[in-house]
1. Gain in length, ILE125 to ALA159, computed as 0.36 nm per residue apart minus the alpha-carbon separation, to one decimal in nm?
2. For SER209 and ASP231 in one chain, what is 0.36 nm times their gap in residues minus the Cα-Cα distance, to one decimal in nm?
3. Provide the FRET efficiency to the nearest 0.05 for the THR189-ASP78 pair, computing r from the beta carbons and using R0 = 22 Å.
4. Greater than 20 Å separation of Cα atoms is the criterion. Which listed pairs, LYS82/LYS199; LYS60/LYS109; LYS100/LYS199; LYS177/LYS241, meet it?
5. How big is the C-alpha Rg of the stretch 193-244 next to the rule-of-thumb value 2.2 N^0.38 Å, as a ratio?
6. Which whole-number value in Å³ per residue fits the convex hull of the alpha carbons of the stretch 35-149?
7. Assuming R0 = 30 Å, can you tell me the calculated FRET efficiency for the pair GLN222 and LYS53, based on Cβ-Cβ distance, to the nearest 0.05?
8. Starting from the 7 Å offset along Cα-to-Cβ, what nm value, one decimal, do you get for the label separation of LYS109 and ASP196?
Amino acid sequence: MTNTSTCGARIGRNINMPHFLKFLLCLALFTPPFIFAAPVLGKLTLDVSAEKKQGSIRVKNTDPYPVLLYSSTEYVPDSEAKNFLVPTQPVLRLEAGEEKDVRFVLLLKEPPQQELYGRALFEAIPASKDNAVVVNIKQSIPAIVRIADAGSSQRRWEALEWRTTSDKSMTVRNPSKSVIRMASIISLTPGGKTLDLKKSYILPGQSLSLPLPTANQGMPTQVKITPIADDGTAMPPHVFKVQN
């Protein structure tokens, strides 16, 4: 039995091509268009000065219609620091082509003794469009509270300490006051095996225990990581010696 759509296309074993093309045309005419809303962020990381108790990021609306920009924060589960950062304007209107600074303020009464890590979220919702499907894209970037006495911001990842243990695992420790960021995948030598940290940061004073591959290739003597700079860009790989 052959079914016929309301737009005239015959759907069956043998498709009537002129009618099928008519069906596709009807589908295009009656399917609402998609509207995507994704503001352009001026940088990949939100840096907040603990001394000034604030930080900001430039956001531009590159869409041809006005949008409402919703800004918020969220916090990582492995950090005790919560609710320390908030946007001063959680909702901000951006006209087509307009750009504005979104400011975040630190809520702590006392300055932190080490850097803090969270995330800043941005979502743009366009003005109401009739017969349109709106697709909102939420963007999430690291939000880091920087302190003055954390040491040099250059090559801060060099402070990491790597050590193997007797139970076929390896630990990495961040003894510094800085948040250290890197690609989550690291390489081991010898053997060329890789490990997944499951995240791209190590908090100040934090230690992670990583199970080593089960293949009998001996204990690793070196670890290669891809550090991430303060501005969020990937740096050239860095090799550490592993202490046994």
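A short reminder: the numbers here are calculations on the coordinates, not readings from a lab. These numbers were taken from a predicted model, which means no experiment stands behind them. Note that each Cβ is placed from the backbone with ideal geometry, even for glycine, and that neighbours are counted across all protein chains shown.
1. Numbers: separation 34, 0.36 × 34 = 12.24 nm, distance 4.20 nm.
Separation in residues times 0.36 nm, less the Cα-Cα distance, equals 8.0 nm.
2. Working: separation 22, 0.36 × 22 = 7.92 nm, distance 2.74 nm.
Here the segment from SER209 to ASP231 would lengthen by 5.2 nm.
3. Details: r = 28 Å, r/R0 = 1.26.
Efficiency, rounded to the nearest 0.05: 0.20.
4. LYS60/LYS109; LYS100/LYS199; LYS177/LYS241
5. Values: Rg = 12.8 Å, N = 52, 2.2 N^0.38 = 9.9 Å.
The stretch 193-244 yields a ratio of 1.30.
6. Measuring per residue, one finds 97 Å³ for the Cα hull of the stretch 35-149.
7. 0.15
8. Placing both labels 7 Å along Cα→Cβ, they lie 4.3 nm apart.
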